[in-house]
Structure formats: structure tokens, C-alpha cells
Amino acid sequence: MNVTVKNKKLSQWIKEVADLCKPDDIYVCNGSKEEYDQMVKTLIDSNIAIPLKKRPNSYLFRSDPSDVARVEDRTYISTQSQDEAGPTNNWIDPTELKELMKGFYKGCMTGRTMYVIPFSMGPIGSPIAKIGVEISDSPYVVINMHIMTRVSDRVLELLGTDGDFIPCLHSVGAPLEKGQEDSIWPCAPIENKYISHFPEENLIWSYGSGYGGNALLGKKCLALRIASAMARRESWMAEHMLILRLTNPEGKQYHIAAAFPSACGKTNLAMMQPSLPGWKCECVGDDIAWMKIGPDGRLYAINPENGFFGVAPGTSYDTNPMAMDSLKDNVLFTNCALTDDGDVWWEGMDGDEPAHAIDWKGNDWTPESSHDAAHPNARFTALASKCPVICEDWEKPEGVPIDIFVFGGRRGTVVPLVYESLNWEHGVFLGATAASETTAANIGAVGNLRRDPFAMKPFCGYNMGDYFQHWLNMGEKLGDKRPRIFYVNWFRRSEDGKFLWPGFSENSRVLKWMCDRVDGKAGAEETPIGLIPKDGELDTSGLDISSEDMKELLHVDTKAWKAEIPDIENHFSVFGDRLPEKLRNQLKEFEKRLG
Ligand code: TSX
Ligand code: MN
């Protein structure tokens, strides 16, 4: 081991894990550039990292074809009672799961180095931040954690001898025998992968996968699943939300936190540049918001992350120029295609397809190939500080005050472009019933409606019924300082299948209406589903959109909404008596309003 660890809990945990996993070496990370460069050099020398000629200090990695995404059916919330994990989570009894996983962990780091990664989620020392320590046998995980979290020896200093942290244990699950050659992407077969959470003791155990949220344990595992359970206990919020700052032409700032299921363009909205003259938009975060009630009673949000782990395919100067400009240097790419001139490429990138490339599996690819060059879930890992529109206050320890919550989903029909909730409880109902149509980018049949409450279905670390109640409770605590709640749908189509709304930068028009609502400047019409922009209240100046299309975009089809009721009832029934009475009533009231 390269340093002496002063923290008692940490030094004991390191010893326990080493005794169990039997690594050849132990290395405690300090987060320095030298450490990063050293790690990258080792990865290049073993042909795991491919340097990109076109992007300084940037590298391409190719995962094993069996290890390309989060594995939700191998993800567990392990609590004393199954009822605590609730109907949306996989559950195994903690004693049983630990015995089972200890069997896998036994000797699993043989032939490898065990890295101890101290990190802070949120600015180091912020009252909203939390400290984690990940132990991993993957150098790929170390360098990704360097970008996605704040890895630093300052974290160990902050811990002192008695400070507490969230232990995050990770192994790729591929021990090396003497003389055995390592593979490019070591991992375990799917049936041996376990992504386990023990929220009652703030503990994470991950085994068998090296990819994304399965392995970078600060993100989905700590900042959402464990943090959501802590947040309920401690009366704050850990949400799957982007955070952005919108500034109007008069210089007034508004902070918006928005939750969308996958394939709705959350990262694109987080970095969106308004088409409306005089309006400015800055990114605070693109995936996770931690929010606490501040001294003035308002809700303050921080982005606990330090970077973006974004889906590459579909990202272009058309869809997200600010993301593209964040990818010029110091980026890690995973499962993108490699061009002949030493750059990355993916489906949906601007310009012509390359005439030849190496696909994500390492094989030759041409436009005639029948498969994609990049994996649909190919990723970039980029520093948030590289984003040209990162908000100057994105690292403010106290966070930014949230004015507006937005929920949404992808719906070709029924759901209008935007509406406001009638009140907080109705807003919670909108979050709890949020739904999205599946696309080729997510699993399952295309076009199915999937309920994904608050976009938290895969990420809530406790019973989702209790989570709904927590939202209601936070509303009561916030009182008249509650953010307003809106619902949006960028994806409504005309009868001939065309998108009715241009989306992207033009979404600023929708956000402007929200801000004007907050200021009491914009009119709204009450409908059974909520408050719709009054005729002419949504700024469409300079936009080439017919009044018929605009009407259709904001139309509330009562009959179509009535037809949604059985699906909502069905969705709610899963939560049994954990469904808050107030939400049951919201559904009743909704039915009444529909007539
Ligand atoms: O991210 C998207 N947003 C939010 C942007 C800030 N996407 C991409 C979703 C896939 C991840 C969108 N796609 C959006 C949107 O607002 N809207 C659409 C649908 C759409 C697609 C193409 C066009 C228009 C709408 N093109 C033209 O109108 C030319
Ligand atoms: Mn996410």
C-alpha cells in the first residue's frame, strides 16, 4: 500500500476487502493528474486504451459485447424486509445476498491491483455533498471516477480519523492466474453480475460488470439509490434531474430542475441554447440533483457529479452543440467507432459517414455494413468544466434555488406540449404517473407506454410508494416556497406522423412561459389535466408553425385522457397500501374533472 490511511473505518474496511479479494497490490488514489496519466499509460501499453489523434488526451475503450449497459434485472435493493424495497426493486435478504456475493468476491482480485478511490459527490466540503470511497480492481473505473466525481486526497483529509463515508465495493469479477493474459475488458458472465445496495447501512457491493452505472458507483448507486434513501431519512431530495439556469432579458435568473425517462434528450435540454433573443441558458448538471431546504426556506440544488457520462449516438452539433464542444480534449469514449484518421464516430454525428471505420467490437465497418458502427449505448465521459455553458455557480457549495420542477415523457399523442399542475399535490401526481413511449434506444418493443415515476423507477433505493409520500411531505415543509411543477412533451406528432414541435432551442419558448407563470405574467387556461398556456401566451414569434399545429400541440383530448385512466389505476395498484391516500384522491379528482 502506497500511503497510511488514518481514518479508522477506512483502514479496517481496506483490510477486510483485501483479506477477502486477495489483490496482488493496494493503491490509494489521490486524484492527481500524474496519477491519471500513469493509469492511462498502463492502459495504453496493454492495448486497452486507444489514443485519439484528433482529440488531445482522449482515449477510446471497447467493452466486452456482454457488458454494454446497466443491468436492471441484476440490480438489488437489499433491505431487512422486502416491503421496504417495494414493488419496483429486485430484492434478496441482506444476509443471504452477502453470503452469496462473498463467495464471488473470494480471491476475485488475484493478479490485479486493488484501487482505493476516495471521492466527494458535490463540491468538497459543501453542506449538501457526501463522501464515498470506491474500492475497485479496474483502472478504467479509476480514470472515469477522476472525471465523474471529485477524487482527491483532500477527501481523506476531510474524513480525519473518525469521519464517515459510503463504502462502494466493486470488482470486475475476473481474477488472473499466474501467467494468465488479461482480456481487454475483463468481466463476469451475466448470471454472476450483482449490483447490490444495502440502504439501511449505506453500503454498495457491485460484482461482475465494468460498465457505466454498474461500476462507477458514485453515480446511480450512490447519488441516486443510496442517496434517495438517506434523503428520505434526513428530509432532503436526491433526484434524477438536470439542473439549468435560465436568465431573462432583464437579467432575472430562474433555476429549473427536470426529470425525464431515457431517450427524451435530458442532456440536450441541460445544455440547450435558447432561440429567444436576450434569453440565456446555463448548465448546472445533466443527470442528478441533490436538494436541501436552505436558511431562507427555499429548495437549493447541487449537481453531485463532476462530469457527464453521456450517450454518444445522436449527439451532434445539430442536437447538442455545447456537448460537442465539451468533447474536444480530455475525454474518455467507450464503444464508439474509430475512424481511419484517429477520431471517434457514432451514428447521428454531423457530416458524412466515414467510408471506413473500426466498429465498437473492433471489426471493419463501412456504410454498407448491416450493423451500427457505434453501440447504441456508447458513451463519452467528459469534465463538466469543459462545457462552454457550464454555469459559473455550478460548484457553489450551497447550490442554486430551484423555482421550477419539470416532468416529461415521450408521447406521440394525447399529452400536450406543456401544462402546469394545479397545485403541489397535483404536481406530485404528474410525477408519479409520468410515462414515456419506448424507442429503439431502450429495451422492449418500440412504442409501448412505460410508466417511469419521476424518472426514478430504476433508481429509487426504497419503496416507491413511500417515495411519493416523501414528495408530498417535502411540499408541506416548503409551504409557499414550493417550486411550481410543469409537465412537457416535446414529441407530439401530427396525424401523418411528423413532429409538431421543433424542439431543441425552441424549447426556450416553453421555459419562458414557465418563468412568466412564476412571475404571474403569463395567462393559463384551466383544463381537466392542468393549466395550459392561454391562446397567444406561448411566445411563437419568428417561429414557422401554423396556428392549426399550435392548437393541436396544446389540445386536451378529454376522451383520450379518459382512456388513460385504467393504465394509471393499474400502475397505482402495484403500490398497494403504500400508495399515499392523497395520490389515490388525485386520481379520483382527475376522473371527476374529465367528467
Ligand atoms: O433532445 C431532444 N429534445 C430536447 C432538446 C433540448 N430531442 C432528441 C431526443 C432523442 C434523445 C428531440 N427530438 C426533441 C427535443 O426537444 N424534439 C425531438 C423531435 C424532433 C426531431 C427532429 C426535428 C424536430 C423535432 N427536426 C426538425 O423539425 C427539422
Ligand atoms: Mn440518468
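The number of residues in the stretch 415-432 that are under 12 Å from P483 (Cβ atoms) and of a type in the set (S, T, Y) comes to 1.
Here is a yes/no grid of residues against (1) open to solvent by less than 10 Å² (accessible area, probe 1.4 Å); (2) within 15 Å of ligand 2 (Cβ to nearest atom); (3) closer than 22 Å to M148 by Cα; (4) at pLDDT below 95:
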site	(1), (2), (3), (4)
T267	no, yes, yes, no
W279	no, no, no, no
C283	yes, yes, yes, no
D287	no, yes, yes, no
D296	no, no, no, no
Y317	no, no, no, no
D325	no, no, yes, no
F333	yes, no, yes, no
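Cβ-Cβ distance below 6 Å, separation of 6 or more or different chains: which pairs start in the stretch 307-330 with a residue that is within 23 Å of D372 (Cα to Cα) and end on one that is more than 15 Å from ligand 1 (Cβ to nearest atom) and in a loop (DSSP other than H, G, I, E, B)? Going by the 6 Å Cβ cut-off, the qualifying pairs are A312/C336. Of the residues that sit in the stretch 99-136 and are in a helix (DSSP H, G or I) and open to solvent by less than 40 Å² (accessible area, probe 1.4 Å), which one is nearest to G179 (Cα to Cα)? Taking the candidates together, the pick is Y105. Has the stretch 345-353 got any residue that is in contact with a strand residue (DSSP E or B) (Cβ under 8 Å, 6 or more places away or on another chain), crowded, with 18+ Cβ neighbours inside 10 Å and farther than 20 Å from A440 by Cα? Taking every residue of the stretch 345-353 in turn, none turns out to be in contact with a strand residue (DSSP E or B) (Cβ under 8 Å, 6 or more places away or on another chain), crowded, with 18+ Cβ neighbours inside 10 Å and farther than 20 Å from A440 by Cα. Taking the stated definitions as given, is V151 modelled with pLDDT of 95 or more, crowded, with 24+ Cβ neighbours inside 10 Å, of a type in the set (A, V, I, L, M) and under 30 Å from P295 (Cβ atoms)? Criteria not met by V151. Looking across the stretch 298-314, the residues that are open to solvent by 10 Å² or more (accessible area, probe 1.4 Å) and either touching a helix residue (DSSP H, G or I) at 6+ places or on another chain (Cβ under 7 Å) or among the aliphatic types (A, V, I, L, M) (or both) come down to R298, N306, F309, V311.
Yes or no: the stretch 440-449 includes at least one residue that is on the phi > 0 side of the Ramachandran plot, over 19 Å from the mean Cα position of the chain (by Cα), free of Cβ contacts under 8 Å to residues at least 60 places away in the same chain and more than 16 Å from ligand 2 (Cβ to nearest atom). Within the stretch 440-449 (the criterion being on the phi > 0 side of the Ramachandran plot, over 19 Å from the mean Cα position of the chain (by Cα), free of Cβ contacts under 8 Å to residues at least 60 places away in the same chain and more than 16 Å from ligand 2 (Cβ to nearest atom)), the answer is yes, since at least one residue qualifies. Could you tell me whether any residue of the stretch 472-488 is free of Cβ contacts under 8 Å to residues at least 24 places away in the same chain, open to solvent by 20 Å² or more (accessible area, probe 1.4 Å) and more than 16 Å from ligand 2 (Cβ to nearest atom)? Yes, there is a match, as at least one residue in the stretch 472-488 is free of Cβ contacts under 8 Å to residues at least 24 places away in the same chain, open to solvent by 20 Å² or more (accessible area, probe 1.4 Å) and more than 16 Å from ligand 2 (Cβ to nearest atom). The criterion of being open to solvent by less than 10 Å² (accessible area, probe 1.4 Å), among the hydrophobic types (A, V, I, L, M, F, W, C), at pLDDT 95 or above and within 14 Å of ligand 1 (Cβ to nearest atom) holds for L242. Which ones in the stretch 317-375 are of a type in the set (V, I, T) and under 25 Å from C264 (Cα atoms)? T319, V331, T334, V344 - these are the residues of the stretch 317-375 that are of a type in the set (V, I, T) and under 25 Å from C264 (Cα atoms).
Of the set (1) more than 20 Å from the chain's Cα centre (by Cα); (2) in a loop (DSSP other than H, G, I, E, B); (3) not acidic (D, E), all apply to K477 but (2). Restricted to the stretch 271-285, and to residues there that are closer than 15 Å to C387 by Cα and in a loop (DSSP other than H, G, I, E, B), the residue that is farthest from the chain's Cα centre (by Cα) is Q273. Counting just the residues of the stretch 199-244 that are part of a strand (DSSP E or B) and either within 13 Å of the chain's Cα centre (by Cα) or among the hydroxyl-bearing types (S, T, Y) (or both), which one comes out farthest from D93 (Cα to Cα)? Restricting to residues being part of a strand (DSSP E or B) and either within 13 Å of the chain's Cα centre (by Cα) or among the hydroxyl-bearing types (S, T, Y) (or both), the top hit is I243. Quick check on the stretch 523-537. Is at least one of its residues open to solvent by 50 Å² or more (accessible area, probe 1.4 Å) and assigned to a helix (DSSP H, G or I)? Scanning the stretch 523-537 turns up no residue that is open to solvent by 50 Å² or more (accessible area, probe 1.4 Å) and assigned to a helix (DSSP H, G or I). The number of residues in the stretch 510-522 that are open to solvent by 10 Å² or more (accessible area, probe 1.4 Å) and assigned to a helix (DSSP H, G or I) comes to 4. Look at (1) within 18 Å of N202 (Cβ to Cβ); (2) more than 22 Å from the chain's Cα centre (by Cα) and you find that K106 fails only one, number (1). When residues in the stretch 19-37 are screened for being in contact with a strand residue (DSSP E or B) (Cβ under 6 Å, 6 or more places away or on another chain), open to solvent by 20 Å² or more (accessible area, probe 1.4 Å) and closer than 22 Å to T161 by Cα, 3 of them pass. Pick from the stretch 245-265 the residues that are part of a loop (DSSP other than H, G, I, E, B) and away from ligand 2 (no atom under 13 Å from the Cβ): which of them is surrounded by the most Cβ atoms within 10 Å (Cβ to Cβ)? Top of the filtered list is N248. Residues of the stretch 399-406 include at least one that is under 29 Å from Y254 (Cα atoms), touching a strand residue (DSSP E or B) at 6+ places or on another chain (Cβ under 6 Å), within 16 Å of ligand 2 (Cβ to nearest atom) and in contact (Cβ under 8 Å) with a residue 12 or more places away in the chain. Selection of the stretch 390-411 for residues being open to solvent by 10 Å² or more (accessible area, probe 1.4 Å), farther than 18 Å from I147 by Cα and either under 19 Å from the mean Cα position of the chain (by Cα) or among the charged types (D, E, K, R) (or both) yields E392, D393, K396, E398, D403, R410, R411. Quick check: is even one residue across the stretch 494-506 aromatic (F, W, Y), free of Cβ contacts under 8 Å to residues at least 24 places away in the same chain, within 16 Å of ligand 1 (Cβ to nearest atom) and outside any loop (DSSP other than H, G, I, E, B)? So far as the stretch 494-506 goes, yes, one or more of its residues are aromatic (F, W, Y), free of Cβ contacts under 8 Å to residues at least 24 places away in the same chain, within 16 Å of ligand 1 (Cβ to nearest atom) and outside any loop (DSSP other than H, G, I, E, B).
Could you tell me whether A455 is within 16 Å of ligand 2 (Cβ to nearest atom), in contact with a strand residue (DSSP E or B) (Cβ under 6 Å, 6 or more places away or on another chain), closer than 30 Å to L543 by Cα and open to solvent by less than 10 Å² (accessible area, probe 1.4 Å)? So A455 fails the test.
The values are calculated or read from the model by the stated rules, or taken from the named source; none is laboratory data. Computed from a predicted structure; not experimentally measured. All Cβ positions, glycine included, derive from the backbone under ideal geometry; neighbour counts span all protein chains shown. Side chains are part of the model used for accessible areas, which takes the heavy atoms of the whole protein and leaves out ligands, DNA and RNA. Shrake-Rupley method; radii C 1.70, N 1.55, O 1.52, S 1.80 Å.
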